[in-house]
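Colleague: Below is one structure. I have some questions about it.
The values are calculated or read from the model by the stated rules, or taken from the named source; none is laboratory data. On a predicted model such as this, the values are computed, not experimentally measured, just so you know. Counting neighbours? That spans all protein chains shown, and the Cβs are built from the backbone with ideal geometry, glycine included. The accessibility values were calculated without ligands, DNA or RNA, using every heavy atom of the protein model including side chains. Shrake-Rupley method; radii C 1.70, N 1.55, O 1.52, S 1.80 Å.
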Amino acid sequence: MTISAQLLQRADLIGTQVITRDTGRKLGVINQVWVDIDQRQVVALGVRNTLFTGEQRYILLDSIRQIGDVILVEHDDDVIESLNTYNYSTLIDSEIITETGEVLGKVRGFKFDPETGDITDLILASIGLPWIPAQLISTYELPIEEIVSTGPDRIIVFEGAETRLRQLTVGLLERVGLGAPPWESDEDEYYQPITPSSNQLPSGTRSPVYPPQRSRSDYEADWETAPRRRRQPEYVEYEEEEYEYEERPRSRQVKPPAQAMPIELPESEPTADPWEEPQPIRLEQRQKQEEYDHE
């Protein structure tokens, strides 16, 4: 591999064209850099037809023959169609915190040795978006030896690592005195207000406290918003009057015995059959019978 010993940054490779050495064919441009964070090494580069469009392909770092204004590979077969990137990371926008939980910033880039792929430094800022110009935000450089452990989208470094950072650029806000490094406290210092001497009271004297004055509209608003309560009826207790009752003996009335009613028995036995149905009475017979009854 014909590569200079100078360290490269991730930003130096993004957008670089990939060309084959034997045919001079353009294979695409670099759009991503994949890192084995456990080994602290760059392992592969991502390739697309353009920076944002096209099918995602990969070039292993061992397949690169030259890195300069363009990246040269030997054959078309050096660009592979698939790569298991599950165990790899881009490191971009990963949060960097100390062992005590102090936030230092987010990763926006890194430096590495193109011969071996070893990462030497992390480039961090308060915002981990690499497309934001470094002139607008302050950037810092952190040695890779400060890393204690790594996790998904998080890198833990030694306590006090902020004192070993090297500032690369000064942001626009920091130039005008409005910005500050991420690890510095964002809380404003508390200054006790100083009371003018004309408003100060002598010791032992209490200032009178008056209730706030309320306007008529305030009372009307309270009346409208106050819940309405139904008036409960008032109960009046009355004294119970004592009445004396005299028990009088009641006379028992004895009813006379009922008189026996005489029963008239027929002198002779009936000639008609009692089980025979009665014959209908003609009108003439009925009238005669009624006359006999009246007599």
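Colleague: Which of the residues that make up segment 46-55 are in contact with a Gly (Cβ under 8 Å, 6 or more places away or on another chain) and either open to solvent by less than 30 Å² (accessible area, probe 1.4 Å) or more than 15 Å from K26 (Cα to Cα) (or both)?
Modeller: Answer for segment 46-55, where residues must be in contact with a Gly (Cβ under 8 Å, 6 or more places away or on another chain) and either open to solvent by less than 30 Å² (accessible area, probe 1.4 Å) or more than 15 Å from K26 (Cα to Cα) (or both): just V47.
Colleague: Got a number for residues in segment 7-30 being free of Cβ contacts under 8 Å to residues at least 24 places away in the same chain and either farther than 27 Å from D121 by Cα or not in a helix (DSSP H, G or I) (or both)? Spell out the reasoning first.
Modeller: Kept after step one, since they are free of Cβ contacts under 8 Å to residues at least 24 places away in the same chain, are these residues of segment 7-30: 12, 24, 26, 29.
Next, from what is left, pick out any that are either farther than 27 Å from D121 by Cα or not in a helix (DSSP H, G or I) (or both): 24, 26, 29.
Count: 3.
Colleague: Select from segment 45-67 the residues that are small (G, A, S) and under 38 Å from the mean Cα position of the chain (by Cα) and write down the one among them that is farthest from D113 (Cα to Cα). Working first, answer last.
Modeller: Just the residues of segment 45-67 that are small (G, A, S), to begin with: 46, 54, 63.
Retained after the next criterion (residues that are under 38 Å from the mean Cα position of the chain (by Cα)): 46, 54.
On the way: G46: 18, G54: 28 Å.
For segment 45-67, the residue satisfying everything is G54.
Colleague: Among (1) under 20 Å from V35 (Cα atoms); (2) open to solvent by 40 Å² or more (accessible area, probe 1.4 Å); (3) out of contact with any helix residue (DSSP H, G or I) (no Cβ under 7 Å at 6 or more places or on another chain), which single condition is T100 missing?
Modeller: (1)
Colleague: Which number in (1) modelled with pLDDT under 90; (2) open to solvent by 60 Å² or more (accessible area, probe 1.4 Å) marks the one condition that T85 misses?
Modeller: Looking at each condition in turn, T85 falls short on (2).
Colleague: Moving to a separate point now. Looking at L122 and the list (1) in contact with a strand residue (DSSP E or B) (Cβ under 6 Å, 6 or more places away or on another chain); (2) open to solvent by 50 Å² or more (accessible area, probe 1.4 Å); (3) among the aliphatic types (A, V, I, L, M); (4) without any contact (Cβ under 8 Å) to a residue 40 or more places away in the chain, which single condition is not satisfied?
Modeller: Among (1) in contact with a strand residue (DSSP E or B) (Cβ under 6 Å, 6 or more places away or on another chain); (2) open to solvent by 50 Å² or more (accessible area, probe 1.4 Å); (3) among the aliphatic types (A, V, I, L, M); (4) without any contact (Cβ under 8 Å) to a residue 40 or more places away in the chain, the lone unmet condition for L122 is (2).
Colleague: Answer yes if at least one residue in segment 143-150 is of a type outside the set (A, V, I, L, M), open to solvent by 30 Å² or more (accessible area, probe 1.4 Å), under 28 Å from the mean Cα position of the chain (by Cα) and under 15 Å from P181 (Cβ atoms), and no otherwise.
Modeller: Taking segment 143-150 and keeping what is of a type outside the set (A, V, I, L, M), we get 143, 145-146, 149-150.
Remaining after also requiring open to solvent by 30 Å² or more (accessible area, probe 1.4 Å): 143, 145, 149-150.
After this cut, where a residue has to be under 28 Å from the mean Cα position of the chain (by Cα) as well, the list is 150.
Filter once more, keeping what is under 15 Å from P181 (Cβ atoms): none.
Scanning segment 143-150, I find no residue that is of a type outside the set (A, V, I, L, M), open to solvent by 30 Å² or more (accessible area, probe 1.4 Å), under 28 Å from the mean Cα position of the chain (by Cα) and under 15 Å from P181 (Cβ atoms), so the answer is no.
Colleague: I need a count of the residues in segment 174-188 that are open to solvent by 100 Å² or more (accessible area, probe 1.4 Å) and at pLDDT 70 or above. Walk me through how you get there before you give the answer.
Modeller: Keep residues of segment 174-188 that are open to solvent by 100 Å² or more (accessible area, probe 1.4 Å), which gives 175, 178, 186-188.
Now narrow it down to the ones that are at pLDDT 70 or above: 175.
The qualifying residues number 1.
Colleague: Take A134 and decide whether it is at pLDDT below 90, surrounded by fewer than 16 Cβ atoms within 10 Å (Cβ to Cβ) and either among the hydrophobic types (A, V, I, L, M, F, W, C) or within 30 Å of Y86 (Cα to Cα) (or both). Explain how you work it out, then say what you get.
Modeller: Numbers: at pLDDT below 90: yes; surrounded by fewer than 16 Cβ atoms within 10 Å (Cβ to Cβ): no; either among the hydrophobic types (A, V, I, L, M, F, W, C) or within 30 Å of Y86 (Cα to Cα) (or both): yes.
So A134 does not fit the description; no.
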